[in-house]
Structures are given as C-alpha cells and as structure tokens.
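Undergrad: Please read through the structure below; I'll follow up with questions.
Read-outs throughout are calculated quantities, based only on the coordinates presented, and are distinct from any laboratory measurement. Owing to the predicted nature of the structure, the values given are computational and were not obtained by experimental measurement. Reconstructed Cβ throughout: ideal geometry from the backbone, glycine too, with neighbour counts over all protein chains shown.
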Amino acid sequence: MSSEDRRTTSAGSTIETQAPTNGSQKAGAPVSSEAPAHPARRATDRRVADRRSMNRPLPASVLTPPAPPPAPHMDDYAAIVGQVQIDTLRFLAKELRGKTIKMVNSTAVGGGVAEMLNRLVPLLSELEVATHWDVITGGNDFFEITKAFHNALHGTPYELTKSAKDIFLTYNEQNRARMRFDEDLIVIHDPQPAGLICSKATTPAHWVWRCHIDLSNPNPGVWEFLRPFVEQYDAAIFSSQSFARQLPIPQYLFYPCIDPLSEKNKELPESLVQQICDDFGIDRTRPIVTQVSRFDRLKDPVGVVHAYKLAKKYVDCQLVLAGGGASDDPEGAAVLQEVKEAAGNDPDIIILDLPPWCAVQINAIQRASTIIVQKSLKEGFGLTVTEALWKGKPTIAGSVGGIPNQIIHKLTGVLVHSVEGCAFQIRYLLTHPEFARSIGSSGHEHVKENFLMTTNVKRWLLLFRILEQARALRGKAA
Ligand code: UDP
C-alpha cells in the first residue's frame with residue numbers, strides 16, 4: 001500500500017484495506033468434502049465490500065477511549081469458576097488483610113503485562129490486600145535499548161555496548177529516585193525496571209522479579225548484565241518451566257491469565273459483533289482468519305500474510321491482522337510498513353492499526369473469526385492464544401515460549417513451525433469444521449482450568465503467604 005492510501009485519524013490510527021484488484025475470488029479447492037457451508041452472501045455484503053475498498057479512517061466509535069466499564073467484583077466470577085474457588089481466595093487473603101503490594105512495569109497499555117495488571121490490581125485490592133501499580137518512565141533511547149534487550153533475551157544476536165548499559169542504569173536510577181517503596185511486597189515485572197532492586201536495602205519489603213519473557217536461550221551478554229540484579233530479589237517467577245535459569249533464589253511457575261469478565265473476553269451480543277465487523281469491513285459470510293498482535297517481528301505478521309496467501313490458493317478466506325503499539329515498543333511503525341508491503345493489494349487482507357483501548361473491538365473480531373492464528377517466532381506466553389482458546393476458537397500457533405503450555409497439539413489447538421505448516425493448518429481447519437470445533441471446545445476447557453484470573457490471584461496470595469512465613473521462620477531462628 002502506498003503512503004498516499006493511508007488516512008490517519010486524529011488518534012493516529014487507520015484501517016488499512018487493500019485496493020481491490022479485479023474483484024474476482026480465487027476459486028478455491030477444498031481439501032475435503034467437509035468444507036464449511038458459509039451463508040449465501042447477503043444484500044449488505046456489497047455495501048461491506050464497497051466500504052472495504054475505500055481505505056477509510058477508523059470508525060468514530062474507536063477514536064476516543066470509552067469510559068471505563070464498572071470493574072467486576074470477586075463474586076461475579078462465581079458463575080464462571082464456581083463459588084468454592086471464590087471462597088478459597090477469600091480464605092487465603094484473610095491472613096494478608098491490611099498488607100500491601102506494589103506492581104511495577106514499563107507500560108500502562110499495550111501488551112499482555114498491562115492487560116493482566118489492569119485486572120489483578122483491583123481484585124487483590126478487593127480482597128483487602130491493597131495493591132498499587134506504578135509504571136516507570138523513560139525516553140525513546142531507554143525503550144529502544146530495553147526492546148533490544150527483550151529481543152536479545154529471546155535469543156536474537158545483539159552487541160551490548162557500554163552506552164546501552166549506561167542508558168539502562170541511568171533511567172533505572174531516575175525512576176528509583178522518583179518512586180517510593182512503602183509496600184510489603186514489591187513486584188518488578190520484566191527487565192526494564194529490574195534495576196529498581198537497588199532500593200531493596202532501604203525497605204523491609206519482599207522483592208520479587210516477575211519475568212514474562214522466554215529466558216530459555218538468552219543472549220549471554222544481556223543476561224550476564226541483568227543477572228546480578230535478578231539475584232538480589234527474594235524470588236523470581238517465570239511463565240513456563242523451560243524459562244527457569246540457574247539462580248541462587250527460589251523460582252516459581254506462574255501461568256499468565258486472562259480475565260473472562262474484561263471487555264476483551266466477556267460475552268458479546270451477536271448484534272454488536274456484527275456491527276463491529278461491518279464497521280471494519282470484515283465480511284462474516286466468508287471464513288475469517290485472524291491474528292491479533294502488536295506489530296512486532298517476533299509475532300511474525302509477515303509470515304502470517306505468506307501463510308494466508310499459500311492457503312488462499314485452495315480455500316477462500318479473509319485475513320485480519322489486528323494490532324497496535326505499546327508505549328515501550330518503538331519498532332511497531334516499521335513492522336506495520338513491512339506487513340503492508342507483504343500484503344500488496346489483496347482486498348481480502350484487512351490490516352487494523354488500532355488504538356490501545358479497542359478491547360471490545362478485538363473481542364468482537366476474535367469472536368467473529370473462523371480461525372485464530374498466533375504465528376509467533378518467540379513468545380513469552382501469548383495471551384492472545386489464551387483469549388482465542390477461551391472463545392472456543394480453533395487456534396493455530398507457533399510452537400514457542402509458553403504457547404505449548406496452552407496448545408496441546410491436535411487436542412486444544414494446533415502447533416506449527418513454519419509458514420508452510422501454518423498454511424497447511426489454515427487449509428485443514430477450514431475444510432474440517434468438526435475437528436476445528438472439537439479443538440476449540442477443548443481449548444476453552446483448558447483455559448478455564450488453568451489460565452483464568454482467579455487462578456492467578458490464588459498464586460499471588462499463596463506466594464505472598466509463603467514469603468511472609470519464610471520471614472517469620474527466619475525471625476524465629478535468629
Ligand atoms: N492487544 C491489544 N491490542 C493490540 C494488540 C494486542 O489489546 O493491538 C492485546 C492482546 O489482546 C493481548 C495482549 O495485548 O491481550 C498481548 O499479549 P501477548 O501475551 O499475546 O503478547 P505481548 O504483546 O505481551 O508480547
């Protein structure tokens with residue numbers, strides 16, 4: 001797509017659909033006779049198709065952040081997870097009543113960590129374990145370096161320079177000077193604020209490092225630089241067994257989680273799903289293959305475009321790439337441009353560069369999708385996979401990071417290792433709807449058992465109690 005085709009909204013976001021070619025569909029050659037029957041095109045489809053071709057700006061409804069919805073309460077989750085689970089949380093919280101927690105990360109919006117903290121913080125507070133959330137600040141130079149660290153910890157080659165170390169340390173020191181650490185438990189998320197541990201000696205708090213990224217094969221230079229900070233914490237938490245490192249501190253496994261009552265995951269009326277698809281020019285009478293992700297090379301959006309193009313030779317479908325940026329990720333614009341170039345002028349590729357408050361829209365797009373893809377090359381855990389499984393969607397995902405904890409191959413989804421594998425599975429799932437439905441339904445159950453917010457709250461309460469108890473025992477022994 002040329003830059004003239006792009007209409008930027010006041011929010012700086014656009015819908016990017018490609019100009020139509022000759023409007024003809026590929027004939028498609030289904031792999032089996034199980035090909036799903038899609039309703040005949042409706043009269044409104046022509047209007048949808050017309051709107052898709054116009055590169056129009058985002059609908060007005062998404063240009064400004066919606067008013068925050070009323071936060072759900074603990075008891076609202078009973079209908080989903082059962083009253084016993086809620087009673088267990090209240091019981092575990094009792095001994096911690098009046099204690100406080102501070103969560104610190106590097107972005108308030110965008111990405112999975114912000115997504116989880118948004119709900120975890122009020123729920124812990126409702127259990128009378130008052131929880132505060134602080135976001136560190138930094139300039140572009142800091143976030144460029146921490147993004148490079150992030151990629152390097154995922155294994156990307158990287159030459160760590162003295163200047164990069166200095167910038168990292170300077171911003172950590174600035175934030176340290178600005179912040180107070182009066183709480184009983186301080187939780188530092190990911191490497192960006194890891195240097196705040198230098199305040200540990202000034203507080204009686206427990207300090208925990210919550211690492212959300214895959215550290216199974218880190219760039220040695222970056223890991224050796226960060227390791228002395230990590231070793232000062234009282235404990236480290238990882239999202240998968242395989243991410244654990246040799247460390248002299250206790251390590252815990254916490255699966256990340258989603259909130260089933262959030263705007264991103266709650267049930268939506270069918271009419272709203274339809275309206276949102278119409279607004280974005282997504283045709284619900286034809287199969288929809290979707291990836292929701294920040295425009296990040298490690299999410300391989302260009303690989304998804306190639307996989308879709310291979311599959312499209314055999315089955316009719318549309319591709320929706322819904323993404324946006326995170327304030328701590330400076331690479332998004334360049335990756336978005338690469339995606340547009342790969343998409344060319346296919347009218348069935350819909351690229352949505354969404355503002356960060358579009359949770360309901362993402363929910364609706366996920367619910368409208370026939371298949372959801374998360375073709376990551378590296379991944380911490382992949383909350384987009386959790387979200388897709390929760391919605392009962394047949395899901396295809398890269399076999400990396402924490403994704404295999406969620407996708408048990410051919411049972412709760414399918415794992416892929418290449419563009420060709422991804423293309424094959426798109427084609428297979430679109431032509432085997434019974435199998436697609438069965439993995440979608442098992443995926444939903446798997447999330448319910450393991451990856452909901454209530455389970456995560458339980459893990460935090462247990463860890464806090466373990467840390468308190470260990471301190472009490474140390475006190476007695478002294
Ligand atoms: N997300 C979003 N808008 C976007 C892209 C992603 O709200 O444009 C959300 C997505 O639904 C998920 C989270 O951001 O909840 C991404 O978490 P994940 O663990 O998949 O990846 P991360 O971005 O943390 O690497």
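Undergrad: Determine, yes or no, whether GLN274 is away from the ligand (no atom under 16 Å from the Cβ) and either in a strand (DSSP E or B) or out of contact with any His (no Cβ under 9 Å at 6 or more places or on another chain) (or both).
TA: yes
Undergrad: Name the residues in the stretch 277-301 that are in contact (Cβ under 8 Å) with a residue 60 or more places away in the chain and assigned to a loop (DSSP other than H, G, I, E, B), would you?
TA: Answer for the stretch 277-301, where residues must be in contact (Cβ under 8 Å) with a residue 60 or more places away in the chain and assigned to a loop (DSSP other than H, G, I, E, B): GLY281, ILE282, ASP283, ARG284, THR285, ARG286, PRO287, SER293, ARG294, ASP300.
Conditions tested, residue by residue: (1) farther than 23 Å from GLU267 by Cβ; (2) among the aromatic types (Phe, Trp, Tyr).
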{"position": "GLY332", "(1), (2)": "yes, no"}
{"position": "ILE351", "(1), (2)": "yes, no"}
{"position": "TRP357", "(1), (2)": "no, yes"}
{"position": "ILE362", "(1), (2)": "no, no"}
{"position": "GLN366", "(1), (2)": "no, no"}
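Undergrad: So, in the stretch 132-147, of the ones that are among the charged types (D, E, K, R) and touching a helix residue (DSSP H, G or I) at 6+ places or on another chain (Cβ under 9 Å), which residue ends up nearest to LYS378 (Cα to Cα)?
TA: Checking each candidate, the answer is GLU144.
Undergrad: Being over 26 Å from the mean Cα position of the chain (by Cα) and in a helix (DSSP H, G or I) is the filter here; which residues of the stretch 172-196 pass it?
TA: GLU173, GLN174, ARG176, ALA177, ARG178
Undergrad: Tell me, please, whether a residue that is within 16 Å of the ligand (Cβ to nearest atom), part of a helix (DSSP H, G or I) and touching a residue at least 40 places away in the same chain (Cβ under 8 Å) can be found in the stretch 316-337.
TA: Yes, the conditions are met somewhere in the stretch 316-337.
Undergrad: Let me ask something additional. Tell me, please, whether a residue that is within 9 Å of the ligand (Cβ to nearest atom), in a loop (DSSP other than H, G, I, E, B), of a type in the set (Phe, Trp, Tyr) and surrounded by fewer than 24 Cβ atoms within 10 Å (Cβ to Cβ) can be found in the stretch 367-381.
TA: Looking for residues that are within 9 Å of the ligand (Cβ to nearest atom), in a loop (DSSP other than H, G, I, E, B), of a type in the set (Phe, Trp, Tyr) and surrounded by fewer than 24 Cβ atoms within 10 Å (Cβ to Cβ), one finds none in the stretch 367-381, hence no.
Undergrad: Can you say whether LEU411 is among the aliphatic types (A, V, I, L, M) and either in a strand (DSSP E or B) or crowded, with 18+ Cβ neighbours inside 10 Å (or both), as far as the supplied structure shows?
TA: no
Undergrad: Another one. Within the set of pairs 6+ apart or on separate chains, which have a first residue in the stretch 436-463 that is more than 19 Å from ALA78 (Cα to Cα), a second that is part of a helix (DSSP H, G or I), and C-beta atoms under 6 Å apart?
TA: Cβ pairs passing all conditions: ALA436/LEU429; GLY443/LEU389.
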